[in-house]
Amino acid sequence: MIERHASMSEQDWLEIKLGASGYNTGTSDDFPALAAAICKLRGRPLEYRMSAAWLLGFCRGVMEMKQ
């Protein structure tokens with residue numbers, strides 16, 4: 001996962017940070033930049049359309065681990 005962190009841009013981290021704030025309602029289809037940042041961080045595509053609750057939980061977990 002450390003190698004994937006190196007490929008993350010400032011914009012990717014901003015998307016993750018905004019996702020952690022809970023601004024989104026809807027699904028990963030509604031937030032392509034956030035979905036792309038998550039895919040880059042995970043190193044694989046999202047298998048399904050992810051809910052706002054999943055996006056929030058994932059992003060919050062990433063931000064906690066980043067600190």
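For Cα extents along the principal axes in Å, one of [x] 30, 23, 17; [y] 39, 26, 20; [z] 32, 25, 17 was computed from the structure I shared and the rest are decoys. Which label?
Recomputing Cα extents along the principal axes in Å here gives the entry labelled [x].
What are the ³J(HN,Hα) couplings of the range 24-35, residue after residue, when phi is run through the Karplus curve with 6.51, -1.76, 1.60 and θ = phi - 60°? Round to Hz, x for glycine and proline.
Couplings: 9, 10, x, 9, 4, 5, 7, 10, x, 5, 5, 4 Hz.
Fully extended, how many nm does the chain gain between E64 and R44 (0.36 nm per residue separation, minus their Cα-Cα distance)?
This chain segment gains 5.1 nm when fully extended.
May I ask you to list the chymotrypsin sites (Phe, Trp or Tyr not before Pro) in the range 1-61 that are in a DSSP loop and have at most 16 other Cβ atoms within 10 Å of their Cβ?
Passing both the DSSP loop test and the Cβ count: Y23, Y48.
Coordinate-derived values only; no laboratory data. On a predicted model such as this, the values are computed, not experimentally measured, just so you know. Glycine also receives a Cβ, built like all others from the backbone with ideal geometry; neighbour counts cover every protein chain displayed.
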